[in-house]
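No lab work stands behind these numbers, since they all come straight from the coordinates. Please read all numbers here as calculations on a predicted model, not as lab measurements. No Cβ is skipped: glycine too gets one built from the backbone with ideal geometry, and neighbour counts run over all protein chains shown.
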Amino acid sequence: QIVDDLLDYTATAEEMGKPVLDDLRNGLLTAPILLALDSKRLNEAERQALQADVESLFTNPAEETIGRIQGLLAQSQAIEETRQLAHRYIAEARQSLDFVADSPERQALLSLVDYITERRN
């Protein structure tokens, strides 16, 4: 799910096969938004502005609001933090397979982890 959250902000519509920033336009609180709201890189006024902008998307998904949110996400480095969080979980997933004997099933699970890591849609 975290990789999917990340792709909504980093992939193109062509790569995704659907509109990007769709979660944001629908007012969904995904990992980048949650991390930005908790970021120490934003001051209290910026966090409150971000929260107000996200809340306003429920009634008015204006492109201007989305632009402000994207700016605060960049400032908070929430996209990069989301990427790091995804990589941590992916590493844990790979590590959790260490106890499984080498087999076609283990290789299939590792392939799934690799697919999730590299997917662009």
So the angle from the long Cα axis of helix 104-118 to the longest Cα principal axis of the chain, reported in degrees to the nearest 10, equals 20
Karplus-derived 3J(HN,Hα), 6.51/-1.76/1.60, for each residue of segment 80-93, Hz, glycine and proline x
5, 5, 5, 4, 5, 5, 4, 5, 4, 5, 5, 4, 5, 5
Quickly estimate the mean residue ellipticity at 222 nm for the chain, helices only: each DSSP H run with n ≥ 4 gives -39500 (n - 2.57), and the total goes over all residues, rounded to 500.
-21000 deg cm²/dmol
Does anyone have the angle between helix 63-76 and the longest principal axis of the chain? Alpha-carbon axes, 0 to 90°, nearest 10?
60
Here, chymotrypsin sites (Phe, Trp or Tyr not before Pro) of segment 36-121 satisfying both criteria (DSSP loop; at most 13 other Cβ within 10 Å) are Phe58, Phe99
On a 0 to 90 degree scale, rounded to 10, what angle separates helix 44-56 from the longest Cα axis of the chain?
90
Report the extension gain between Asn26 and Asn43 in nm, rounded to one decimal, defined as 0.36 nm multiplied by the number of residues separating them, less their alpha carbon distance.
3.6 nm
Along the Cα→Cβ direction, 7 angstrom out, place labels at Gln70 and Ala108. What is the inter-label distance in nm?
4.1
So what's the projected area for the chain, the Cα convex hull averaged over all directions, in nm²?
8.3
So what's the gap between the Cα centers of segment 82-96 and segment 10-60, to the nearest angstrom?
22
